[in-house]
Structures are given as C-alpha cells and as structure tokens.
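S.K.: Just passing along the structure, written as structure tokens.
FYI, it's all coordinate maths here, none of it is from the lab. Predicted model, so just to flag it, every value in this text is computed and none were measured. Cβ placement follows ideal geometry from the backbone for every residue including glycine, while neighbour counts extend to all protein chains displayed.
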Amino acid sequence: MVIAALTASSVAPAQVKEAGEPLVSLGTEGIVTDAAAPVAAVDNSAGPLVQAVEADAATDELEAEATLSETVAKLRSSDPGSREMECLAVGIYYEAKSESLAGQLAVGHVIANRAESGRFPKTYCGVLFQRSQFSFIRGRSLPKVPRASRDWQEAVAIAKIVDAELHGSPMGKALFFHARRVSPGWRLTRVGTLGNHVFYR
C-alpha cells in the first residue's frame with residue numbers, strides 16, 4: 001500500500017522551452033550495491049480507515065527517520081507502477097546507474113525539477129523526450145532495461161523517492177548536468193559536483 005501511494009506522479013504544470021538548452025550527458029556504466037529489505041505489509045483485518053492511518057504513519061516514519069539507503073532498500077522493485085514513473089526511473093538508470101545513491105537522487109531530481117520549472121515539458125516523460133536533451137533517447141520510445149537487475153530496481157526506488165519527495169536533492173534545484181570528463185562551456189550557475197557529474201541551474 002505504501003509503494004502504491006508513492007508511485008503517483010505529482011508533477012506541476014510547466015511550458016516547453018525553445019530548443020537551445022544545454023544537452024544532458026550520458027551516465028557511465030557500473031553497479032551500485034545495497035542490501036534489500038522487504039516493505040512492511042499492512043494488516044487487512046484492521047479495516048480501511050485503520051489501514052490508511054497505518055500506511056500514512058509508515059510513510060511518515062520513512063520520511064522522518066530512514067536514511068537514503070534504507071529508503072531505497074524498502075522501495076526497491078522492478079515495477080515502477082506507471083508510465084511516468086517508468087520514464088523517471090529510465091532517466092535515472094541510463095544517466096546515473098554507476099553513481100552513488102546520492103548521485104542517482106541528484107539526477108532524478110534534475111528531471112523532476114525540469115518538469116516543475118515552467119521551462120520544460122510538464123511531465124517526466126515529456127522532459128525525457130524533449131529533443132536533444134538525453135542522448136540515450138532515440139525517437140519516441142524508451143530504451144529497454146534489464147528489469148531483474150539490481151541497478152534497475154534501485155533506479156525505480158530512487159524514482160519513487162524523488163516523486164514522493166522523501167529525500168531532497170543534494171544539488172538543490174539544479175536543472176542541468178554533464179559528465180565531469182567533458183567541458184561544454186555552459187554559461188549557467190554551477191551548483192556543485194557529485195560523483196561523475198557537474199550540476200547547474
């Protein structure tokens with residue numbers, strides 16, 4: 001029940017910006033490892049009202065006390081739950097699967113920040129499919145991912161965390177990033193560097 005509540009998208013309306021924004025770079029290959037933990041089940045015998053209160057309490061506890069690693073372990077799944085969440089998870093997977101959990105979170109928040117900014121399309125899928133922004137996108141379809149892999153399951157968990165705002169971005173309201181190995185010469189405000197990415201707004 002907690003996971004279902006976390007998969008609903010809460011993206012604010014925005015407008016598409018003219019093509020001319022800097023490109024977002026591809027992430028690098030690698031594996032992030034972390035121990036999995038099951039999500040606690042809600043007792044169905046308690047009745048719907050009690051179940052809803054228990055689910056809200058579990059989410060509040062997750063928000064208030066869990067570390068990023070603990071939250072990822074509880075939300076890890078191969079099923080993102082919706083097309084929008086799949087877009088967000090695919091973006092995280094292809095751009096940051098070799099990064100730390102904090103690095104993946106920062107990349108996920110860039111996609112969400114764009115959707116909320118008013119400068120980009122208003123949905124996660126719209127942000128990904130905006131022309132010339134994500135080099136792993138070809139046409140109007142998402143690339144395939146190995147759904148049984150730990151990298152994918154962690155990307156799904158990070159997407160749920162970003163969407164439900166369970167952990168803030170370590171890079172604030174950054175809207176752009178690129179790999180450290182390149183120097184695109186952007187005239188943007190640099191927010192910081194995390195792992196192999198440099199973030200800007």
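S.K.: Using the number of other C-beta atoms within 10 angstrom as an exposure proxy, rank E70, E86 with the fewest first.
M.R.: Fewest to most other Cβ atoms nearby, the residues stand as E70, E86.
S.K.: Can I ask one more? What ³J(HN,Hα) values, in whole Hz, does the Karplus curve 6.51 cos²θ - 1.76 cosθ + 1.60 give for the range 132-149 when θ = phi - 60°, with x put for Gly and Pro?
M.R.: 6, 9, 10, 6, 7, 8, 10, x, 10, 10, 7, x, 6, 10, x, 4, 7, 6
S.K.: Determine one quarter of the surface area of the Cα convex hull of the range 95-201, which equals its mean projected area, and express it in nm² to one decimal.
M.R.: 6.8 nm²
S.K.: Here is a follow-up. Which order do peptides 181-191, 92-102 fall in by mean Cβ count within 10 Å, highest first?
M.R.: Details: 181-191: 11.3, 92-102: 23.1.
Answer by packing, highest mean first, reads 92-102, 181-191.
S.K.: Straight-line reach from K74: which lysines have a Cα under 23 Å away, not including same-chain ones fewer than 8 places off?
M.R.: Those lysines meeting the cut-off are K97, K160.
S.K.: Through the Karplus equation 6.51 cos²θ - 1.76 cosθ + 1.60, θ set to phi - 60°, convert the phi angles of the range 186-201 into ³J(HN,Hα) values in whole Hz; use x for Gly and Pro.
M.R.: 5, 9, 10, 7, 6, 8, x, 10, 9, x, 9, 10, 10, 10, 9, 9
S.K.: Also, quick follow-up: For each of L142, L75, count neighbouring Cβ atoms within 10 Å of the residue's Cβ, then give the residues from fewest to most.
M.R.: The most exposed by this proxy come first: L142, L75.
S.K.: A follow-up question, please. For K122, give me every one of the lysines with a C-alpha distance below 17 angstrom, ignoring sequence neighbours fewer than eight places off in its own chain.
M.R.: In chain and number order, the partners are K17, K173.
S.K.: Peptides 107-120, 162-175: what's the order by average Cβ count within 10 Å, highest mean first?
M.R.: Highest-to-lowest ranking by the protection proxy: 107-120, 162-175.
S.K.: For the range 76-140, take every pair of Cα atoms, bin their distances at 5 Å starting from 0, and report each bin as a whole percent.
M.R.: Percent of pairs per bin, in order: 4, 19, 28, 28, 17, 5, 0.
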